[in-house]
Amino acid sequence: MANRPSIGGPDGLPAPEVRPWAEEKHKILREYLRFHAHPRRRWLDDPRQNGAAYVDLFCGAGMARIEGTTNFVDGSPIVAWKASVDDGAPFTKVIIADTDTALRSACAERLRRLNAPVFEIQGDAAEAARNLPDHVNPYGLHVAFLDPFSLSALGIDLIRSLSKLRHIDILAHVSAMDLFRNFPAELKGERSEFDEFVPGWRDRIPANATDEIGRRAVIEYWKELVAATGLDAEPGLRQIRNRVNRDLYWLMLIASAKLASKFWNLVLEYDSPQTGFKF
């Protein structure tokens, strides 16, 4: 999440401010986990299976206040844990990471107060993802939620690391705002953050391409690299927009299982989807 002023929550722990659309993201997460609970419940009931972890590599504090209001809302790890309990399929481990140690610690404490089996991983998201196989069964049934502020934080190496887990569904926020705002400077070489998102992307931009065609080429190349990991970025997505109706994020599913695709399409059908990227 973006770095925002942190205040004290009603439970005495830090709680940064967030924009109102944070609740939209968490609504989609909750709806997806409701569908995911069906196979997860069977998985948990079978002692031969290998557990089910929820992974949140940009976890924040676990609670936030909606900017300009006095309303406090749960963060994504808390939303996910509560949803899994309510659906009768609680995750066997909740793994969190964040570069802000104070916020991560607050999130861990909030999860512990809910009796969640929380485990903290040190480092940034990419480092945490590389170390993730040491802390979960690679054959378990896992869900990851990735909510970075920039494209660079959603680098293809992060997806490659997560893809080493055989059964994982990834809900990822792709920063449309970053793509639209910074594409010209990135193309000129005045910035290099997109290089972490998808190395070698400039070679895929057609000569004399418009910004629209160039932005599309960046995303399509990233999706090609995602597919090379054995996962697929679903074509259906959910737009997260600001107050003036501009795209901020594209919330999408990255997974390999056909059942995951079915669940995602059901979520989008219920929630009025945008069926493709708009550049």
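The values are calculated or read from the model by the stated rules, or taken from the named source; none is laboratory data. This is a predicted model, so every value here is computed, not measured. Heads up, the Cβs are rebuilt from the backbone with ideal geometry, glycines too, and the neighbour counts pull from every protein chain shown.
Details
- Filtered residue count, region 28-63, keeping only those that are in contact (Cβ under 8 Å) with a residue 60 or more places away in the chain and either of a type in the set (A, V, I, L, M) or assigned to a strand (DSSP E or B) (or both): 9
- Residues being acidic (Asp, Glu) and under 18 Å from the mean Cα position of the chain (by Cα) - total across region 27-69: 2
- Restricting region 117-138 to residues that are touching a strand residue (DSSP E or B) at 6+ places or on another chain (Cβ under 7 Å) and closer than 21 Å to residue 89 by Cα, the residue that is surrounded by the fewest Cβ atoms within 10 Å (Cβ to Cβ): 135
- Top-ranked residue of region 142-156 - restricted to ones that are of a type in the set (A, V, I, L, M) and either farther than 21 Å from residue 228 by Cα or in a helix (DSSP H, G or I) (or both), ranked as nearest to the chain's Cα centre (by Cα): 154
- Residue 254 assigned to a strand (DSSP E or B), buried (at least 18 other Cβ atoms within 10 Å of the Cβ) and at pLDDT 95 or above: yes
Each row is one residue, and each column tells you yes or no for (1) among the β-branched types (Val, Ile, Thr); (2) farther than 22 Å from residue 129 by Cα; (3) in contact with a Ser or Thr (Cβ under 7 Å, 6 or more places away or on another chain).
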{"residue": "52", "(1), (2), (3)": "no, no, yes"}
{"residue": "67", "(1), (2), (3)": "no, yes, no"}
{"residue": "87", "(1), (2), (3)": "no, yes, no"}
{"residue": "94", "(1), (2), (3)": "yes, no, no"}
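- Within region 206-232, being touching a residue at least 24 places away in the same chain (Cβ under 8 Å) and not in a helix (DSSP H, G or I) holds for 229, 230, 231, 232.
- Within region 64-96, the residues that satisfy the criterion of being in a helix (DSSP H, G or I) and over 13 Å from residue 107 (Cα atoms) are 82, 83, 84, 85, 86.
- Set 20, 39: member being modelled with pLDDT under 95 and surrounded by fewer than 16 Cβ atoms within 10 Å (Cβ to Cβ): 20
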